[in-house]
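The values are calculated or read from the model by the stated rules, or taken from the named source; none is laboratory data. This is a predicted model, so every value here is computed, not measured. Glycine gets a Cβ as well: all are built from the backbone with ideal geometry, and neighbour counts include every protein chain shown. Heavy atoms of the whole protein, side chains included, go into the accessibility calculation; ligands, DNA and RNA do not. Shrake-Rupley method; radii C 1.70, N 1.55, O 1.52, S 1.80 Å.
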Amino acid sequence: MNLYDYKQELDQEGILLSFSGPMTHEMIEGVGRAIRVKIEGGEDGDKKAALKVFSIFVEQVENVIRYSVEKDHVDSNMSFGIIVIGKKDGHFYIIGGNKIETEKQQTLESYLEQLAAMNKDELKVFYKKRRRAERSGDSKGAGIGFIEMARKSSQPLEFNFQKVDDIHSFFTIKITI
Amino acid sequence: MQTLEISATKSSPAVHFDAQSNTLSIMGESYPENTAQFYEPVFEWLEEYIDSLQEQHVTFNMELIYFNSSSSKALMDIFDILEEACDEDKKIVLNWIYDEDNDAALEYGEEFAEDIESLTFNLVEKPLAD
């Protein structure tokens, strides 16, 4: 049993954090804070990047907690998913993933496609409009998390859906800041 | 009215609403586990307080280092309540306080300001402590 090779691989890929497992609000507070401190105090000492990475991390983990279909049997506020934070070519990226019901895929996919096609000004207008709108039924948050992520992203949103079984798909989203 | 006092946690801000001195403040970070639940007493207090307001001058200091997207919506809802009060000639000034080196907080403040009309919304830069 030796995790050294695995760690070497992560280091070589520039991965700062790789977590697959149960996610809770406490994890956002704890792991999120550690990541923030690490980036703030890193060789670049980049406070702005630290806050950006942290904010995307918060939105992504919140999405996993809310929307992953893999939930803990006892604690309904605990859901399973995966999150990776890394740095490539000078840009931080945050990738999150969780299992969803395939029937939810189409709505989510067309929403994300809509966001990916918007420029920064359009995203800003849309963000403001949605912020003032009433909370919609299926959305446990404000429904503006993805817009927030798209606005902080230096590249168009990248996302993917992979079929898992008859009724489930795995959703992955990547934000590069 | 009783003072509303909520202590800060890692993910929720300190709230201090004082009806005697007409000074309200929200300070810290806001990404609570349940945003609606956290802000419920804030809205309740605020609505009752505004109903009771007459000629007093109210100062609302808001100093948030970071807030998540669902808190952003809660803040907009707070500003909408204050806007309505100002439309009824209540005298409220909001100070959006941000650290000199926190561009994101300034930008968020500017964006809120763009969506606000009757409420006096000041952007107040706070110099970094040495």
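Observations, loosely collected:
- Residue ranges of helices (runs of 4 or more DSSP H) in segment B:23-130 with at least 3 members under 13 Å from the mean Cα position of the chain (by Cα) and of a type in the set (Asp, Glu): B:69-87
- Checking each residue in segment A:1-30 for being within 14 Å of chain B (Cβ to nearest Cβ) and crowded, with 16+ Cβ neighbours inside 10 Å picks out A:Met23, A:Thr24, A:His25, A:Met27, A:Ile28, A:Glu29.
- Exclusive hit being among the charged types (D, E, K, R), more than 14 Å from chain B (Cβ to nearest Cβ), open to solvent by less than 70 Å² (accessible area, probe 1.4 Å) and over 15 Å from A:Asn160 (Cβ atoms), set A:Lys99, A:Lys87: A:Lys87
- Answer residue from segment A:66-84, given it is farther than 24 Å from B:Lys73 by Cβ and within 14 Å of chain B (Cβ to nearest Cβ) and is surrounded by the fewest Cβ atoms within 10 Å (Cβ to Cβ) among those: A:Asp75
- Extreme residue, nearest to the other protein chains (Cβ to nearest Cβ), among residues of segment B:56-76 that are farther than 22 Å from A:Arg130 by Cα and open to solvent by less than 10 Å² (accessible area, probe 1.4 Å): B:Met62
- Selected residue (only one of B:Asp89, B:Asp99, B:Asp80 is touching a residue at least 12 places away in the same chain (Cβ under 8 Å) and surrounded by fewer than 18 Cβ atoms within 10 Å (Cβ to Cβ)): B:Asp99
- For segment A:1-111, the helices (runs of 4 or more DSSP H) that sit wholly inside it and include 3 or more residues that are of a type in the set (A, V, I, L, M, F, W, C) are A:25-41, A:47-67.
- The one condition in (1) at pLDDT below 95; (2) in contact with a helix residue (DSSP H, G or I) (Cβ under 7 Å, 6 or more places away or on another chain); (3) more than 12 Å from chain B (Cβ to nearest Cβ) that A:Ser154 fails to fulfil: (2)
- Which numbered condition A:Gly143 fails, given (1) in a strand (DSSP E or B); (2) within 30 Å of A:Ile39 (Cα to Cα): (1)
- A:Ile144 being within 14 Å of chain B (Cβ to nearest Cβ), closer than 25 Å to A:Phe19 by Cβ and at pLDDT 95 or above: no
- For segment B:1-35, the candidate set comprises residues that are of a type in the set (D, E, K, R) and under 24 Å from A:His25 (Cα atoms); within that set, the residue that is least open to solvent (accessible area, probe 1.4 Å) is B:Glu29.
- Filtered residues of segment A:31-65 (kept if more than 10 Å from chain B (Cβ to nearest Cβ) and open to solvent by 30 Å² or more (accessible area, probe 1.4 Å)): A:Val31, A:Ala34, A:Val37, A:Lys38, A:Glu40, A:Gly41, A:Glu43, A:Asp44, A:Gly45, A:Asp46
- Consider segment B:38-59 and keep the residues that are out of contact with any strand residue (DSSP E or B) (no Cβ under 6 Å at 6 or more places or on another chain) and among the hydroxyl-bearing types (Ser, Thr, Tyr). The one that is farthest from B:Ile92 (Cα to Cα) is B:Tyr39.
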